[in-house]
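Please read the structure below before turning to the comments.
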Amino acid sequence: MKKAFIATLLALASLSSAAASLEGNIRALHDQAGARIGSTVDHWKFSARSTGPVAIDVLSWEAPSGSATDLNGDGEIAFFDSVIYLFRDDGVLDASDFVAANDNSSATFDDGSQSELDSSLSLSLTAGNYLLAIGAYLLNELDAISGINHDTYYPVSCATPTGACTRVQNDHGDYRITVTGDVTTPTSGLPEPAAIGLIGLGLAGLGILNRRRR
(Lines give C-alpha, C1' and ligand atoms only; values in the text may rest on other atoms or scores of the structure.)
Protein backbone atom coordinates (compact mmCIF):
# COMPACT_ATOMS: atom_id res chain seq x y z
CA MET A 1 0.00 0.00 0.00
CA LYS A 2 2.80 2.41 0.91
CA LYS A 3 4.61 1.66 -2.38
CA ALA A 4 1.43 2.34 -4.33
CA PHE A 5 0.96 5.66 -2.53
CA ILE A 6 4.55 6.70 -3.29
CA ALA A 7 4.11 5.70 -6.94
CA THR A 8 0.97 7.87 -7.14
CA LEU A 9 2.83 10.86 -5.69
CA LEU A 10 5.66 10.40 -8.19
CA ALA A 11 3.18 10.18 -11.06
CA LEU A 12 1.49 13.41 -9.94
CA ALA A 13 4.85 15.16 -9.61
CA SER A 14 5.78 14.04 -13.12
CA LEU A 15 2.44 15.29 -14.45
CA SER A 16 2.88 18.72 -12.89
CA SER A 17 6.19 19.31 -14.68
CA ALA A 18 5.29 17.61 -17.95
CA ALA A 19 5.80 19.40 -21.26
CA ALA A 20 3.09 19.39 -23.93
CA SER A 21 4.09 20.09 -27.53
CA LEU A 22 1.78 21.14 -30.34
CA GLU A 23 2.38 22.08 -33.95
CA GLY A 24 0.66 24.30 -36.46
CA ASN A 25 1.24 26.77 -39.25
CA ILE A 26 0.47 30.38 -40.05
CA ARG A 27 -0.96 30.89 -43.53
CA ALA A 28 -0.75 33.93 -45.80
CA LEU A 29 -4.03 35.62 -46.72
CA HIS A 30 -4.79 37.19 -50.09
CA ASP A 31 -7.63 39.28 -51.45
CA GLN A 32 -9.67 38.33 -54.51
CA ALA A 33 -7.10 39.98 -56.80
CA GLY A 34 -4.30 37.88 -55.30
CA ALA A 35 -2.68 40.69 -53.32
CA ARG A 36 -1.30 39.69 -49.94
CA ILE A 37 -3.30 41.24 -47.09
CA GLY A 38 -1.91 39.48 -44.00
CA SER A 39 -1.77 36.10 -42.30
CA THR A 40 -3.75 33.90 -39.96
CA VAL A 41 -3.51 33.85 -36.16
CA ASP A 42 -3.90 30.54 -34.29
CA HIS A 43 -5.68 30.23 -30.95
CA TRP A 44 -4.84 27.46 -28.47
CA LYS A 45 -6.79 26.85 -25.26
CA PHE A 46 -5.48 25.24 -22.08
CA SER A 47 -6.19 25.21 -18.35
CA ALA A 48 -3.79 25.71 -15.44
CA ARG A 49 -4.73 23.07 -12.91
CA SER A 50 -3.12 24.96 -10.03
CA THR A 51 -1.36 28.23 -9.36
CA GLY A 52 2.29 27.94 -10.33
CA PRO A 53 4.98 28.48 -12.99
CA VAL A 54 4.19 27.94 -16.66
CA ALA A 55 6.68 28.23 -19.53
CA ILE A 56 5.66 28.68 -23.17
CA ASP A 57 8.35 28.26 -25.87
CA VAL A 58 7.94 28.76 -29.62
CA LEU A 59 10.13 27.08 -32.24
CA SER A 60 9.76 28.53 -35.75
CA TRP A 61 12.70 30.56 -37.02
CA GLU A 62 14.81 28.29 -39.25
CA ALA A 63 17.52 30.71 -40.39
CA PRO A 64 19.27 31.47 -37.09
CA SER A 65 22.62 32.55 -38.56
CA GLY A 66 21.78 33.24 -42.18
CA SER A 67 21.80 29.53 -43.05
CA ALA A 68 18.74 27.37 -43.60
CA THR A 69 18.21 24.68 -40.95
CA ASP A 70 15.25 22.30 -40.75
CA LEU A 71 14.88 22.62 -36.98
CA ASN A 72 11.54 20.83 -36.62
CA GLY A 73 12.33 17.97 -39.01
CA ASP A 74 9.34 18.51 -41.29
CA GLY A 75 11.40 18.38 -44.48
CA GLU A 76 10.89 22.02 -45.46
CA ILE A 77 12.13 25.50 -44.61
CA ALA A 78 9.02 27.58 -43.92
CA PHE A 79 8.94 29.87 -40.90
CA PHE A 80 8.05 33.26 -39.43
CA ASP A 81 9.09 35.73 -36.75
CA SER A 82 6.60 34.77 -34.04
CA VAL A 83 4.62 36.91 -31.60
CA ILE A 84 2.47 35.40 -28.83
CA TYR A 85 -0.31 36.78 -26.64
CA LEU A 86 -1.74 35.08 -23.58
CA PHE A 87 -5.31 35.82 -22.48
CA ARG A 88 -7.65 34.58 -19.79
CA ASP A 89 -10.35 32.48 -21.40
CA ASP A 90 -13.67 33.65 -19.97
CA GLY A 91 -15.69 32.74 -23.06
CA VAL A 92 -15.72 36.27 -24.55
CA LEU A 93 -12.25 37.23 -25.77
CA ASP A 94 -11.44 40.94 -25.52
CA ALA A 95 -8.67 43.29 -24.38
CA SER A 96 -9.67 42.97 -20.72
CA ASP A 97 -8.51 39.31 -20.83
CA PHE A 98 -4.88 40.21 -21.62
CA VAL A 99 -2.26 38.52 -19.42
CA ALA A 100 1.11 38.81 -21.21
CA ALA A 101 2.78 38.99 -24.61
CA ASN A 102 6.21 38.40 -26.14
CA ASP A 103 7.92 39.08 -29.45
CA ASN A 104 11.62 38.33 -29.09
CA SER A 105 13.26 36.36 -26.29
CA SER A 106 16.77 35.32 -25.37
CA ALA A 107 15.59 32.37 -23.27
CA THR A 108 13.89 30.04 -25.75
CA PHE A 109 16.64 27.54 -26.45
CA ASP A 110 15.53 24.56 -24.34
CA ASP A 111 13.04 23.56 -27.05
CA GLY A 112 15.67 23.46 -29.81
CA SER A 113 15.26 27.07 -30.89
CA GLN A 114 18.40 28.78 -32.16
CA SER A 115 17.11 32.33 -32.47
CA GLU A 116 15.83 35.03 -30.12
CA LEU A 117 13.16 35.74 -32.76
CA ASP A 118 11.30 32.71 -31.36
CA SER A 119 8.92 33.98 -28.67
CA SER A 120 8.65 32.68 -25.12
CA LEU A 121 6.87 33.41 -21.85
CA SER A 122 7.77 32.27 -18.35
CA LEU A 123 5.32 33.35 -15.68
CA SER A 124 3.19 32.27 -12.74
CA LEU A 125 -0.43 31.61 -13.61
CA THR A 126 -3.37 31.23 -11.27
CA ALA A 127 -5.57 28.19 -11.77
CA GLY A 128 -8.07 28.73 -14.58
CA ASN A 129 -8.63 28.74 -18.33
CA TYR A 130 -6.32 30.49 -20.80
CA LEU A 131 -6.05 31.18 -24.52
CA LEU A 132 -2.73 31.50 -26.34
CA ALA A 133 -2.67 33.41 -29.64
CA ILE A 134 0.29 33.01 -31.99
CA GLY A 135 0.93 34.99 -35.15
CA ALA A 136 3.67 36.62 -37.19
CA TYR A 137 5.77 39.73 -36.53
CA LEU A 138 3.98 43.04 -35.90
CA LEU A 139 0.96 41.16 -34.59
CA ASN A 140 -0.93 43.58 -32.33
CA GLU A 141 -3.39 42.79 -29.58
CA LEU A 142 -6.53 43.51 -31.62
CA ASP A 143 -5.36 41.28 -34.47
CA ALA A 144 -4.40 38.57 -31.96
CA ILE A 145 -7.98 38.65 -30.70
CA SER A 146 -9.62 38.77 -34.15
CA GLY A 147 -7.56 35.92 -35.64
CA ILE A 148 -6.27 37.85 -38.68
CA ASN A 149 -2.90 39.62 -38.68
CA HIS A 150 -2.95 42.57 -41.08
CA ASP A 151 0.84 42.83 -41.43
CA THR A 152 1.79 41.49 -44.87
CA TYR A 153 5.43 40.33 -44.78
CA TYR A 154 5.57 36.98 -42.96
CA PRO A 155 5.48 33.96 -43.33
CA VAL A 156 8.64 33.40 -45.35
CA SER A 157 10.89 30.61 -46.58
CA CYS A 158 14.41 30.30 -47.95
CA ALA A 159 15.02 30.67 -51.65
CA THR A 160 17.15 27.51 -51.48
CA PRO A 161 16.55 24.64 -49.04
CA THR A 162 20.14 24.50 -47.77
CA GLY A 163 23.06 26.88 -47.34
CA ALA A 164 22.65 30.65 -47.15
CA CYS A 165 19.06 31.73 -46.64
CA THR A 166 17.68 34.49 -48.81
CA ARG A 167 14.20 35.01 -47.38
CA VAL A 168 11.26 35.09 -49.79
CA GLN A 169 7.54 35.29 -49.10
CA ASN A 170 5.81 31.95 -48.62
CA ASP A 171 2.20 30.81 -48.34
CA HIS A 172 2.75 29.37 -44.85
CA GLY A 173 5.16 29.18 -41.93
CA ASP A 174 5.39 26.29 -39.48
CA TYR A 175 5.79 26.40 -35.71
CA ARG A 176 5.99 24.23 -32.62
CA ILE A 177 4.91 25.34 -29.14
CA THR A 178 6.08 23.64 -25.95
CA VAL A 179 4.09 24.37 -22.78
CA THR A 180 5.59 23.25 -19.47
CA GLY A 181 3.78 23.31 -16.13
CA ASP A 182 0.74 21.91 -14.38
CA VAL A 183 -1.52 22.51 -17.38
CA THR A 184 -3.82 20.55 -19.65
CA THR A 185 -2.70 19.76 -23.19
CA PRO A 186 -3.57 22.79 -25.36
CA THR A 187 -6.34 22.32 -27.92
CA SER A 188 -7.27 24.43 -30.93
CA GLY A 189 -9.45 27.34 -29.90
CA LEU A 190 -11.22 27.38 -33.27
CA PRO A 191 -11.80 24.21 -35.34
CA GLU A 192 -10.04 24.34 -38.70
CA PRO A 193 -13.19 24.28 -40.91
CA ALA A 194 -14.76 27.04 -38.83
CA ALA A 195 -11.59 29.13 -39.00
CA ILE A 196 -11.42 28.86 -42.77
CA GLY A 197 -15.10 29.78 -43.02
CA LEU A 198 -14.67 32.88 -40.91
CA ILE A 199 -11.64 33.98 -42.90
CA GLY A 200 -13.63 33.48 -46.11
CA LEU A 201 -16.42 35.66 -44.75
CA GLY A 202 -13.86 38.29 -43.77
CA LEU A 203 -12.31 38.33 -47.24
CA ALA A 204 -15.73 38.52 -48.85
CA GLY A 205 -16.50 41.50 -46.64
CA LEU A 206 -13.31 43.18 -47.76
CA GLY A 207 -14.31 42.67 -51.37
CA ILE A 208 -17.74 44.23 -50.76
CA LEU A 209 -16.14 47.16 -48.94
CA ASN A 210 -13.69 47.77 -51.78
CA ARG A 211 -16.50 47.74 -54.35
CA ARG A 212 -18.45 50.27 -52.27
CA ARG A 213 -15.40 52.53 -52.04
CA ARG A 214 -15.01 52.45 -55.82
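The values are calculated or read from the model by the stated rules, or taken from the named source; none is laboratory data. Note that this is a predicted model, so its numbers are computed, not measured. Note that each Cβ is placed from the backbone with ideal geometry, even for glycine, and that neighbours are counted across all protein chains shown. Side chains are part of the model used for accessible areas, which takes the heavy atoms of the whole protein and leaves out ligands, DNA and RNA. Shrake-Rupley method; radii C 1.70, N 1.55, O 1.52, S 1.80 Å.
One table, with the values for the structure above:
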quantity	calculated
Tyr130 - accessible surface, heavy atoms, 1.4 Å probe, Å² rounded to 10	10
Net charge of Cβ neighbours under 10 Å - reference Glu76; Lys, Arg +1; Asp, Glu -1	-4
Solvent exposure ordering (accessible area, 1.4 Å, most first) of Val99, Val183	Val99, Val183
Ellipsoid semi-axes in whole angstrom, largest first, where each is sqrt(5λ) of the Cα gyration tensor of region 91-139	23, 14, 8
Solvent-accessible area per residue, Å², over region 75-159 with all protein chains present [probe radius 1.4 Å]	42
Asp94-Asp74 FRET efficiency (beta carbon distance; Förster radius 35 Å; 0.05 resolution)	0.50
With every protein chain in place, region 84-179: carbon and sulfur % of accessible area (1.4 Å)	51
With all protein chains modelled, accessible area of Asp89 [1.4 Å, Å²]	40
Solvent exposure, largest accessible area first (probe 1.4 Å, DNA, RNA and ligands not counted), of His30, His150, His172	His150, His30, His172
Stretch gain in nm, segment Thr160-Thr184, where the contour uses 0.36 nm per residue and the Cα spacing is subtracted	4.8 nm
Accessible surface ranking that places the most exposed of Trp61, Trp44 first, with a 1.4 angstrom probe	Trp44, Trp61
